[in-house]
Amino acid sequence: MKDQAFVKYRKVYLSELKSFENVISKLFINDEPRSLYEPCSYTIQSGGKRIRPFLVLFSAKAMGGKFSDVYNAAIAVELLHNFTLVHDDIMDNSSKRRGRATLHKKYDNNVAILTGDNLNALAYEYLLKDVKNNAKGILSTFTQGIIEVCEGQSLDKEFESRRTVSITEYKTMIYKKTAALAEMCCSVGAQLMNANVKHVKALANYGKNLGMAFQIQDDLLDIIGKENEFGKKIGSDLIEGKKTYLFLRALEKANKDEKKLFYIVIKNKGIQQNEVERFKRLYEKLGVIEDAKKEIVHYTNIALKNLSALPDNEGKNMLVWLANSLINRTT
């Protein structure tokens with residue numbers, strides 16, 4: 001994509017992001033009981049790139065629609081995403097998300113569980129506002145997205161207690177936990193515009209592969225990112241003992257002595273902060289940072305290839321811009 005076009009679509013995104021944040025900030029402000037809706041409001045105002053709602057908006061536009069046609073659906077997937085984050089944070093006992101106290105730390109577990117449940121229900125309520133046709137297909141796609149996320153989270157927790165996890169198993173997990181939701185967003189955006197099966201499948205595959213690239217890039221940024229940009233402590237995946245793409249790839253490529261180091265990490269369920277730099281150097285030596293970059297490019301290229309099945313228009317160009325911007329992100 002030429003620089004001029006890249007700048008153009010970045011401006012569109014930033015303008016629409018500002019509008020979306022304005023809408024999100026006003027949700028639930030007058031809803032009662034406040035003991036429920038104040039935590040809901042706190043959760044959805046945590047910021048971020050709002051990638052998932054924009055996948056809905058851009059996919060609908062690629063199918064000849066307007067943002068206003070699917071705006072409630074875009075809100076729905078953001079509510080759904082936040083529901084998954086609230087429950088993930090409880091399961092992981094996380095204290096911070098995007099620099100703010102997680103919901104169960106700010107309030108308590110009971111409030112957080114109920115808030116997550118309510119956001120899930122509200123997601124359906126907002127989605128239905130935009131459903132005009134094919135309600136069964138759209139609701140089935142939306143629901144399957146939730147099921148995949150739950151299965152992915154279950155696998156993620158299972159992997160924490162397993163000594164060995166293959167890269168194939170890891171990719172299955174991140175597909176379910178991350179990529180399936182992006183896949184669902186694109187599919188729903190297309191279906192709401194009554195797109196044909198070919199176009200729905202192309203957009204769904206775009207979202208799926210973009211989601212895979214996004215998660216592996218998250219793994220990469222955890223070790224090479226800048227803390228003030230990335231928004232969390234660098235090396236936190238290693239500190240927490242997470243079996244990321246880089247960790248598993250390093251374990252595959254390590255010699256006998258190096259493997260012992262990685263198995264100690266697994267046994268101890270993580271490392272100390274002062275050991276992060278040592279493992280970063282080991283990652284560099286084993287070439288897994290470059291391996292991760294190649295995987296990110298691989299999945300991004302597959303995502304972009306799927307767009308060739310779509311008609312040329314502004315919506316398609318926005319999806320191209322989004323993929324190219326995410327591959328170069330630092331946060």
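What the table below lists for this structure:
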quantity: Meets criteria (within 14 Å of His81 (Cα to Cα) and of a type in the set (Ser, Thr, Tyr)) for Thr143; calculated: yes
quantity: Filter result (on the phi < 0 side of the Ramachandran plot and among the aromatic types (Phe, Trp, Tyr)) within the range 14-35; calculated: Phe20
quantity: Filter result for the condition that a residue is over 20 Å from the mean Cα position of the chain (by Cα) and of a type in the set (A, V, I, L, M, F, W, C), over Ile234, Ile239, Ile296, Ile302; calculated: Ile239
quantity: Filter pass, Asp312 being charged (D, E, K, R), under 30 Å from Asp3 (Cα atoms) and touching a residue at least 12 places away in the same chain (Cβ under 8 Å); calculated: no
quantity: The range 123-135, subset assigned to a helix (DSSP H, G or I) and not aromatic (Phe, Trp, Tyr), residue nearest to Val70 (Cα to Cα); calculated: Asp130
quantity: Restricting the range 28-48 to residues that are farther than 16 Å from Val111 by Cα and under 20 Å from the mean Cα position of the chain (by Cα), the residue that is surrounded by the most Cβ atoms within 10 Å (Cβ to Cβ); calculated: Gly48
quantity: Qualifying residue in the range 230-249 (condition: modelled with pLDDT of 95 or more, within 24 Å of Ala76 (Cβ to Cβ) and of a type in the set (A, V, I, L, M, F, W, C)); calculated: no
quantity: Top-ranked residue in the range 293-331 [being in contact with a Ser or Thr (Cβ under 9 Å, 6 or more places away or on another chain) and within 15 Å of Leu220 (Cα to Cα); ranked as surrounded by the fewest Cβ atoms within 10 Å (Cβ to Cβ)]; calculated: Leu326
quantity: Search result, residues across the range 229-276 that are hydrophobic (A, V, I, L, M, F, W, C) and out of contact with any helix residue (DSSP H, G or I) (no Cβ under 8 Å at 6 or more places or on another chain); calculated: Ile264, Ile266
quantity: Criterion violated by Val111 - all others in (1) surrounded by 15 or more Cβ atoms within 10 Å (Cβ to Cβ); (2) without any contact (Cβ under 8 Å) to a residue 40 or more places away in the chain; (3) among the aliphatic types (A, V, I, L, M) satisfied; calculated: (2)
quantity: The range 85-107, subset of a type in the set (Ser, Thr, Tyr) and over 19 Å from the mean Cα position of the chain (by Cα), residue surrounded by the fewest Cβ atoms within 10 Å (Cβ to Cβ); calculated: Ser95
quantity: Residue check, Lys267 farther than 22 Å from Gly287 by Cβ, crowded, with 20+ Cβ neighbours inside 10 Å and charged (D, E, K, R); calculated: no
quantity: Residue within the range 202-224 that is out of contact with any strand residue (DSSP E or B) (no Cβ under 7 Å at 6 or more places or on another chain), of a type in the set (Lys, Arg) and more than 22 Å from Phe58 (Cβ to Cβ) present; calculated: no
quantity: Members of the range 234-249 that are charged (D, E, K, R) and more than 17 Å from Met91 (Cα to Cα); calculated: Arg249
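The values are calculated or read from the model by the stated rules, or taken from the named source; none is laboratory data. It should be emphasised that the depicted structure is a prediction, and the values quoted were computed from it without experimental measurement. Quick reminder, even Gly has a Cβ in these numbers, built from the backbone with ideal geometry, and neighbours come from all protein chains shown.
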